[in-house]
There are 2 protein chains.
Amino acid sequence: MIIVKFGGSVITDKKVYKKIRTRVLKRLIYELTDENIILVHGAGSFGHILSSDKKLNSGLNDSNMIDFSTVARDVQKLNTIIVSMLIERKLPAISMPIHSFHMVGENFPYTKFHEYLIRGFVPVTYGDVVLERKKGMVICSGDQIIFNLAKYLKPERVIFVTDVDGIYDKNPKIHKDAVLMKIVHANDSITFDNDVKDVTGGMELKFKVMGLLASSGIDVMIVNGLVKDRLKLALQNKDVIGTRVVP
Amino acid sequence: MIIVKFGGSVITDKKVYKKIRTRVLKRLIYELTDENIILVHGAGSFGHILSSDKKLNSGLNDSNMIDFSTVARDVQKLNTIIVSMLIERKLPAISMPIHSFHMVGENFPYTKFHEYLIRGFVPVTYGDVVLERKKGMVICSGDQIIFNLAKYLKPERVIFVTDVDGIYDKNPKIHKDAVLMKIVHANDSITFDNDVKDVTGGMELKFKVMGLLASSGIDVMIVNGLVKDRLKLALQNKDVIGTRVVP
C-alpha cells in the first residue's frame, strides 16, 4: 500500500481563497496508476487563509465556532471535488474526514481505512479541523494524518507531491543558488524559510514527519506535482527528479 | 437535546435524480430555533435512485464499487449544501458522514457527536452507504442512524419532518378517506403502502424506529415539513398538526 499526499500548495493557489488548480489536479489524478493507495490532500487555500485570518490554531471560543464550521465545510467542498475527479477516472474513492472520527490525543482510528483498503476502495482524507481536549478544536495537517496512518497501516511507501522539485539546501523560492538534494537523511540539519504563511508548519514540519517515516522503514519520496509524470514515475518506482528521505 | 430528522422526501424531489427542494429546505433550516440539536437528513433522490437502479442493497461486488463511491459522493454533496445553509443561518454545523467511522454490527461510535454537542456545535449526519462484514457495504437510513444515536445519547425528543401531516390509518397519497391520527401507540397495527420505491424501508421502518424510541421514554413526533411553521411549533413544544408516537 502506498500513501500519496497532494500538497495544498500544488492543488490550490495558496494565496487566493478557495482557488483550485484544476488542470494540475486532474493531471495528478490521471497519474495515479496504482490503485492500492490512500490519498491524503492538503487544504491549501480552502483552509489556510481563513484559519490564519481567524487565528483558529489558538483554539475554540464562542466567537469563532462558526469559523471552524466554515473551514470544515470549505475543505469538505475541496474534498468532494477531488473525490468526484477520482470517480470520473473510475477509482472507487471514499471520503474520510478526520473531524468526524478523530480527537487529538486519542489513538488514531485507522481500522475503517483498513476496511476500505481490503475492499479495494481508495480512502481519501485531508487536512482538517479536529476535536481536541484542551483547546476545543485545532487544525490538523495532512502530514500529521499521514504520520498517524503510517504508524498503524505500515505503507511500503509515502510519496509527497509538492510544488517544488524536492528538498533544497536553501528555500529555492527565495535563493536562486539553492541546490536540490537527491537524498537527505532524517537527521540532516536543513534551514527552511517559508514564503507563504502556513498554519500547519510548512516544509519544516513536513521534513520532520518524513524523517520519522523513513526511520520506521518506509520509503519516503518528495516530487514536484507541477511537472508532468513526476508522480507517475515515482509511483512506478522509476528514476525521477525528487528527493528521497532515508534514515 | 433534540434530534431533528429531515426526511429525504421533504428536502428533495424523490423522483428526480439529485433535485433539492431548495425553498423548503431553507425554510426548514430557518425554523430550527433550538440550537441544542443533532440534525439527521435523508438522502432522498441523491441516494435512493442510483442505489435502487444498481441494487446496492444486495451488497458489494467488483462491478458496483464505483456506484457505492458515487452514492457516497452524491449524498456528501447534498450534505455540504445543508451544512452551508446552516452556517449561513449562523448555526455552527459540522458534517458527520457515518461511512467514515461506522461499521454495521459494531457499536455505533457516538462519542464524537457528544464532543461536538458539548462544544455547542450542531452535528449533521445522514443516510449513507456504510461498511458491513458480510455484504461488504450496505445502505443505512437516517432513521436507523437516529435509532443508534438515541440509544447512546438519550435525546429528550425526536422530531421527524416528512412530506405528510403525520401517520394516517391508510396511505394518504393513495386513499382520499385516510384519517390523520394525533396519537399512535408503538404497538398499533397500521398498514403502510409506499408509493415511491424506497431502498431503506419507507414509512413502515420509520414507524418501527419511532415505536422503539417512544418505548424507551423519548418524546417522538412526526410533522409535515412542507407546511410552514409545523417544525417550529413542534420544536417549541406547542400545539401543532402531526402525530405523536407513544408507548
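The values are calculated or read from the model by the stated rules, or taken from the named source; none is laboratory data. Bear in mind that the values here come from a model prediction, so they are computed numbers and not experimental data. Every residue, glycine as well, gets a Cβ built from its backbone with ideal geometry; the counts of neighbours run over all protein chains shown. Accessible surface is based on the protein model in full, side chains and every heavy atom, while ligands, DNA and RNA are left aside. Shrake-Rupley method; radii C 1.70, N 1.55, O 1.52, S 1.80 Å.
Odds and ends about this structure:
- For chain A, average projected area of the Cα convex hull in nm²: 12.4 nm²
- The Cα atoms of the range B:15-65 give a gyration tensor whose axes a ≥ b ≥ c have a/c of 1.5 or more with a/b no greater than b/c, which makes the shape oblate.
- Label sites at A:LYS151 and A:LYS228, each approximated as a point 7 angstrom past Cα along Cα to Cβ, lie 4.1 nm apart.
- When A:ASP229 is represented by a point 7 angstrom out along its Cα-to-C-beta vector, the spacings to that point in the other copies are 7.0 nm, nearest first.
- Amide H within-cut-off set for B:HIS41, under 5 Å, with H built and near neighbours excluded: B:PHE6, B:THR125, B:TYR126, B:GLY127
- Projected area averaged over orientations for the protein assembly as shown, convex hull of C-alpha atoms, nm²: 22.7 nm²
- Anchor A:LYS19: aspartates and glutamates whose Cα lies under 13 Å away (excluding residues fewer than 8 positions away in-chain): A:ASP74
- With distances taken between every two different alpha-carbon atoms, the range B:94-220 has a Kirkwood hydrodynamic radius of 16.2 Å.
- Once the Cβ-Cβ distance of A:THR33 and B:SER63 is raised to the sixth power relative to R0 = 25 Å, the FRET efficiency obtained is 0.75.
- Taking every DSSP beta bridge that has both ends in the protein assembly as shown, the antiparallel portion is near 25%.
- For the range B:204-216, the Karplus equation 6.51 cos²θ - 1.76 cosθ + 1.60, evaluated at θ = phi - 60°, returns couplings of 4, 5, 4, 5, 4, 4, 4, x, 5, 5, 4, 5, 8 Hz by residue, with Gly and Pro reported as x.
- Residue pairs, from the table A:LYS15/A:LYS182; A:LYS55/A:LYS228; A:LYS54/A:LYS90; A:LYS77/A:LYS208; B:LYS54/B:LYS228; A:LYS112/B:LYS55, whose Cα atoms sit over 31 Å apart: A:LYS55/A:LYS228; A:LYS54/A:LYS90; B:LYS54/B:LYS228
- Cα gyration tensor category, rounded, prolate or oblate, for the range B:42-153 with a/c compared to 1.5: oblate
- Heavy-atom accessible area with a 1.4 Å probe sorts A:LEU212, A:LEU117, largest first, into A:LEU212, A:LEU117.
- When the Cα positions of A:LEU91, A:VAL71, A:GLY59 are compared along the charge dipole of the range A:57-115, A:LEU91 comes out farthest toward the positive end, with charges on each C-beta of Lys, Arg, Asp and Glu.
- On the rotation that sends chain B to chain A, the chain B Cβ lying closest to the axis gives residue and distance in whole Å as B:PHE101, 2.
- Exposure ranking of B:ARG23, B:ARG230 by accessible area [1.4 Å probe, largest first]: B:ARG23, B:ARG230
- Computed [θ] at 222 nm, deg cm²/dmol, chain B (DSSP H ≥ 4; -39,500 (n - 2.57); rounded to nearest 500): -10000 deg cm²/dmol
- A:HIS175 label point (Cα plus 7 Å toward Cβ) to equivalent points in the other copies: 8.3 nm, shortest first.
- Within the full protein context, the accessible area of B:ARG89 is estimated at about 70 Å² for a probe radius of 1.4 Å.
- Around the amide H of B:VAL122, modelled in the peptide plane, lie the amide H atoms of B:ALA93, B:ILE94, all under 5 Å away and 5 or more residues distant in sequence or on another chain.
- Under 14 Å, Cβ to Cβ, from A:THR33 - net charge with Lys/Arg +1 and Asp/Glu -1: +4
- Around the Cα centre of the range B:1-103, unit charges on the Cβ atoms of Lys, Arg, Asp and Glu (plus for the first two, minus for the last two) sum to a dipole of about 380 debye.
- Rolling a 1.4 Å probe over the protein heavy atoms leaves B:ASP13 with an accessible area of roughly 40 Å².
- Accessible-area order (highest first, 1.4 angstrom probe) of the listed residues B:GLU132, B:GLU35, B:GLU106: B:GLU35, B:GLU106, B:GLU132
- When Rg and Dmax are taken over the Cα atoms of the range A:39-96, they come to 13.6, 43 Å.
- Cβ-placed point charges (K, R +1; D, E -1), dipole of the range A:115-247 about Cα centre in debye, nearest 20: 260 debye
- Length-normalised contact order for the range A:57-202 - Cα pairs under 8 Å, 6+ apart - percent: 20 percent
- In the assembled protein chains, A:ILE183 presents an accessible area of approximately 90 Å² (probe radius 1.4 Å).
- Total charge dipole magnitude, the protein assembly as shown, about the Cα centre, Cβ charges on Lys, Arg, Asp, Glu only, Debye to nearest 20: 740 debye
- Relative to the other identical copies, A:SER58 shows label-point distances of 5.9 nm, where the label point lies 7 Å from Cα along the Cβ direction and values run shortest first.
- Fraction of antiparallel bridges per DSSP, chain B only, in percent to nearest 5: 25 percent
- Normalised by the number of residues in the range A:92-155, the mean separation of alpha-carbon contacts (under 8 Å, six or more apart) gives a relative contact order of 35 percent.
- The antiparallel fraction among DSSP beta bridges confined to the range A:52-164 stands at about 50%.
- Relative contact order (%) - criterion: Cα under 8 Å, at least six apart; region: the range A:140-182: 26 percent
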